[in-house]
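Below is one structure; the comments refer to it alone.
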Amino acid sequence: MPRVLIADDQPAVIEALRLLLKGEGFETRAVASPADAAEALARQSFDVALIDLNYTRDTTSGQEGLDLLARVREIDPTLPVVVMTAWGSVELAVEAMQRGARDFVQKPWDNARLLTILRTHTELATALRKGERLEAENKMLREDGGAQGRPLLIAQSAAMQPVLELVRHVGPSDANVLITGENGTGKEVVARTLHALSGRASKTMVTVNAGALAEGTFESELFGHVRGAFTDAKSDRVGRFELADGGTLFLDEIANVPVNLQPKLLRVLETGEFERVGSSQTRRVDVRVLSATNANLKEDSVTGRFRQDLFFRLNTVEIYLPPLRERPEDIPALAEHFLRLHAQRYRKELRGFGPAALEALAAYAWPGNVRELDHVVQRAVLLARTDEVRPADLGLQPARTEGVERRLEEMSLEEVERLLIQKALRRFGGNVSQAAEALGLSRSALYRRMQKFDI
């Protein structure tokens, strides 16, 4: 139902417009002053504004209405405004149109013409906002590589059966889910499976990696911004919550949300309300939130690094993913899956893994978990010289430190950095927070390096 904001200081005019518009399927909100109109716009969104140009303080010049028009344009540049006045003139109509009004009607109005104007501009505004959202969604899909297909959760081991049971029970609901486990265990795959099982499956699942965002861009990324909100804000931007409206938002590495922004995240989870950066207009969304972390959020909530009320709001249900070393039965099936994907990608004919290669896969500790297995198989597909993957193609070596110093001078700076990060992650069992602290990096800086090196 289209929502119309009516601003007029005459009760009889307001009542007449209410009766007319209600009978034609419009929802109305009426206010009697420019100040009340601005407040209403700041609290909720409308599809069109129908505002008088003259109010009791100055009944003839139209200046109050023109000032309100400017304020409306400031709050919501996409909102169509139709102005009306009993003291209409061509000059005033032209000035209102030049300042951004979409149309002009004179009192007493013609019902048919007024309804046509309102319907036209609500339809145009809806199309404009859909276009803005579609453009932002397409940009997001290009950035994310379009990974929106049905996920494949490969889990045959006993350790993964509780995970599958929880996914089956929780997936169809709208409950917020916190997915925990070491880095690389497949938390995003579980999130996509939960989304695919839900009633929101036909809608978009939007992903935000909090670990890869700088603190200065985090709020804009989640909630969007308006033009001029900060130096580089050259145009309005739709945030991830708006993109996920009606669907699912996956907040990966949730422990990296800055403490000063956690109250805003809590608010949108509790009420569905937020404002774009630089705007006072409150927007509403209907979003299911899935989140993931390898940190101990319960401990962080006790120490104050993470808000306890936000932790409880995210953690309606927790799904813990065991590391790959605790589910070795799944390694052959996962490896075969990655082999098929990469063989198709690189157009190579491969029969599978030789017995010795399977033994090497089973013997390895997999500090990088499923993600590391994926990368190892990809490398093997590229290097394989026969139609069967051999141990040499995998390039797996047991963890050792002897001789590392002798080889450092032969390594590039990037290779040394990658080695140190891998060693730190192994040392702390995949805990990114502890590894980052040991390396003298922030969590977000370490995550960026891990992405760079495919760790």
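The values are calculated or read from the model by the stated rules, or taken from the named source; none is laboratory data. Just so it is clear, the structure is predicted and the values come from calculations on it, not from any experiment. Ideal geometry is used to build each Cβ from the backbone, glycine not excepted, and the neighbour counts take in all protein chains shown. The area values use the complete protein model at the heavy-atom level, side chains included, leaving out ligands, DNA and RNA. Shrake-Rupley method; radii C 1.70, N 1.55, O 1.52, S 1.80 Å.
Worth pointing out:
- Per-region count, the range 312-329, residues touching a residue at least 60 places away in the same chain (Cβ under 8 Å) and within 30 Å of residue 267 (Cα to Cα): 9
- Residue list for the range 434-449, filter: open to solvent by less than 50 Å² (accessible area, probe 1.4 Å) and at pLDDT below 80: 443, 444, 447
- The range 286-324: number of residues that are polar (S, T, N, Q) and crowded, with 19+ Cβ neighbours inside 10 Å: 3
- Hey, residue 388 open to solvent by 30 Å² or more (accessible area, probe 1.4 Å), under 28 Å from the mean Cα position of the chain (by Cα) and farther than 27 Å from residue 170 by Cα or not: no
- Looking only at the range 173-195, and only at residues there that are among the aliphatic types (A, V, I, L, M) and within 18 Å of residue 314 (Cβ to Cβ), the one that is most open to solvent (accessible area, probe 1.4 Å): 175
- Which numbered condition residue 75 misses (of (1) open to solvent by 30 Å² or more (accessible area, probe 1.4 Å); (2) under 27 Å from residue 234 (Cβ atoms)): (1)
- Scanning the range 55-72 for residues that are touching a Pro at 6+ places or on another chain (Cβ under 8 Å), open to solvent by 30 Å² or more (accessible area, probe 1.4 Å) and under 14 Å from residue 92 (Cβ atoms) yields one hit, 67.
- Residue check: residue 283 meets all listed conditions (1) outside any helix (DSSP H, G or I); (2) closer than 30 Å to residue 40 by Cβ; (3) open to solvent by 50 Å² or more (accessible area, probe 1.4 Å); (4) of a type in the set (D, E, K, R) but one, namely (3).
- Residue count for the range 256-266, restricted to those that are open to solvent by 20 Å² or more (accessible area, probe 1.4 Å) and either without any contact (Cβ under 8 Å) to a residue 24 or more places away in the chain or over 18 Å from residue 276 (Cβ atoms) (or both): 3
- For residue 20, the conditions (1) open to solvent by 10 Å² or more (accessible area, probe 1.4 Å); (2) without any contact (Cβ under 8 Å) to a residue 60 or more places away in the chain all hold with the exception of (2).
- Test: residue in the range 8-27 that is in contact with a strand residue (DSSP E or B) (Cβ under 6 Å, 6 or more places away or on another chain) and among the small types (Gly, Ala, Ser): no
- Summed over the range 1-17, residues that are touching a residue at least 24 places away in the same chain (Cβ under 8 Å), in a helix (DSSP H, G or I) and either in contact with an Asp or Glu (Cβ under 7 Å, 6 or more places away or on another chain) or among the basic types (Lys, Arg) (or both) total 0.
- Single residue of the range 198-256 satisfying the filter (in a loop (DSSP other than H, G, I, E, B) and closer than 23 Å to residue 300 by Cα) that is farthest from the chain's Cα centre (by Cα): 214
- Filtered by the rule that a residue be assigned to a helix (DSSP H, G or I) and either farther than 17 Å from residue 331 by Cα or in contact (Cβ under 8 Å) with a residue 40 or more places away in the chain (or both), the range 346-373 gives 369, 370, 371, 372, 373.
- Odd one out for residue 30 among (1) open to solvent by 10 Å² or more (accessible area, probe 1.4 Å); (2) part of a helix (DSSP H, G or I); (3) hydrophobic (A, V, I, L, M, F, W, C): (2)
- Breaking point among (1) modelled with pLDDT of 95 or more; (2) out of contact with any Gly (no Cβ under 8 Å at 6 or more places or on another chain), for residue 288: (2)
- Residues that are closer than 29 Å to residue 241 by Cα, part of a helix (DSSP H, G or I) and open to solvent by less than 50 Å² (accessible area, probe 1.4 Å) were ranked within the range 92-131; the one that is modelled with the lowest pLDDT is 131.
- Residue 183 falls short on exactly one of the conditions (1) closer than 22 Å to residue 323 by Cα; (2) in a helix (DSSP H, G or I), and that condition is (2).
- Scan the range 33-49 for residues that are outside any loop (DSSP other than H, G, I, E, B) and open to solvent by less than 10 Å² (accessible area, probe 1.4 Å) and the total you get is 5.
- When residue 52 is tested against (1) touching a Ser or Thr at 6+ places or on another chain (Cβ under 7 Å); (2) surrounded by fewer than 22 Cβ atoms within 10 Å (Cβ to Cβ), only condition (2) is not met.
- Looking only at residues of the range 196-245 that are small (Gly, Ala, Ser), at pLDDT 90 or above and touching a Ser or Thr at 6+ places or on another chain (Cβ under 8 Å), we find that the one that is surrounded by the most Cβ atoms within 10 Å (Cβ to Cβ) is 244.
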